[in-house]
Amino acid sequence: MDKKWNIYRLTTEVIKDEESSVKWCQNNGLLPMSKICPQCKNKPMTIYLDRPGLGQFRCQRQHGNRGPIERMVAEGTWFEGHKISIRKSLLLMYAFANKMSYEDAIRETSIGEEMTSSATVADWYSYCREVCLLALDKKYEDQEKIGGPGHVVEIDESKIGKRKFNKGRWVEGSWVLGMIDQEGGFRLEICPDNKRDKDTLESLITKHVADGSTIMTDCWKGYNGLEEIGFQHLTVNHKYNFVDPDTWANTQTIESNWRPLKKRLTRGRVPPENLADHMCEYLWMLDKKNVDRFMALVLDIRNIYQK
């Protein structure tokens with residue numbers, strides 16, 4: 001079994017210099033090792049790693065007045081358009097995958113006299129969240145719905161945000177629907193137009209939960225009618241009980257999963273327009289908790305940008 005990556009191993013084995021960093025990215029599918037000339041169709045171009053922009057591919061043939069055809073190594077890859085070195089890019093990917101704070105990321109990714117700015121960390125964390133979003137979209141497309149006959153799915157809606165002036169119960173933020181199969185499987189969706197009415201909730205539930213599932217919810221009226229669309233529906237009235245004394249219905253599992261998500265999103269004062277990206281980051285991290293998240297991120301980037 002491969003050892004998990006840490007900063008020492010990364011800096012001594014991979015990012016000793018820019019050339020070794022580029023080679024590692026090529027060996028792991030993040031950068032191409034070869035490219036076919038688009039004009040010649042079947043002739044490989046020659047790579048020159050000493051050129052700007054992570055190097056160039058160049059066809060050795062002359063193509064009329066156009067001269068040699070050239071393509072940047074980074075063209076069409078995860079690194080296209082990025083201004084920082086591959087070494088720093090890999091360090092920032094490692095920092096994101098290991099949930100480093102901005103302060104820790106700045107310290108761990110600054111190379112020599114070249115300090116990493118907080119803006120650079122913010123940009124790269126945003127790029128990584130986009131990978132999380134795309135990777136989860138692909139995973140959900142490839143996977144079956146959660147639940148099914150014999151499965152119990154707890155569902156609860158919660159408003160992610162902060163209390164207005166820290167008073168009262170009104171919370172400004174976005175309604176999010178959480179769905180968790182007690183036997184494994186978790187989904188989160190931001191409620192469209194910030195609504196949690198019957199039509200909105202039914203649309204999200206049927207998108208993610210298989211027919212025949214037993215669904216446990218609280219008594220919010222938006223859940224009325226689930227039995228009419230193919231589910232067994234049990235409720236618990238939280239005004240009186242955490243667990244229904246007759247049916248044992250409860251939403252304790254899903255509610256316990258809200259706590260770390262709310263803590264994560266409210267601590268950083270995430271703007272509503274960025275909520276989906278941060279939720280995807282949370283779900284991606286949850287999904288990768290038992291693997292090396294740095295290599296998981298590398299593999300997801302490779303799969304997304306593979307031609």
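Bear in mind that the values in this text are calculations on the coordinates, not laboratory data. Computed from a predicted structure; not experimentally measured. We place every Cβ from the backbone using ideal geometry, glycine too, and count neighbours over all the protein chains shown.
Checking the Cα-Cα distances for 4/288; 83/138; 139/207; 159/198; 16/83; 23/99 against a 21 Å cut-off, the pairs over it are 83/138; 23/99. Remark: the residue 286-residue 103 segment gains 63.6 nm on full extension, using 0.36 nm per residue and subtracting the alpha carbon distance. Annotation: aspartates and glutamates with alpha-carbon distance below 14 angstrom to residue 221 (same-chain offsets under eight excluded): 156, 157, 197, 199, 202. Using 0.36 nm per residue and subtracting the Cα-Cα separation, the extra length available between residue 126 and residue 27 on full extension is 33.1 nm. Residue 197 to residue 302: FRET efficiency via 1/(1 + (r/R0)^6), r the Cβ-Cβ distance, R0 35 Å, to the nearest 0.05? The formula returns an efficiency of 0.30 here.
Add +1 for every Lys or Arg and -1 for every Asp or Glu among the other residues with Cβ under 9 Å from the Cβ of residue 175, and state the total. Neighbourhood net charge equals +2.
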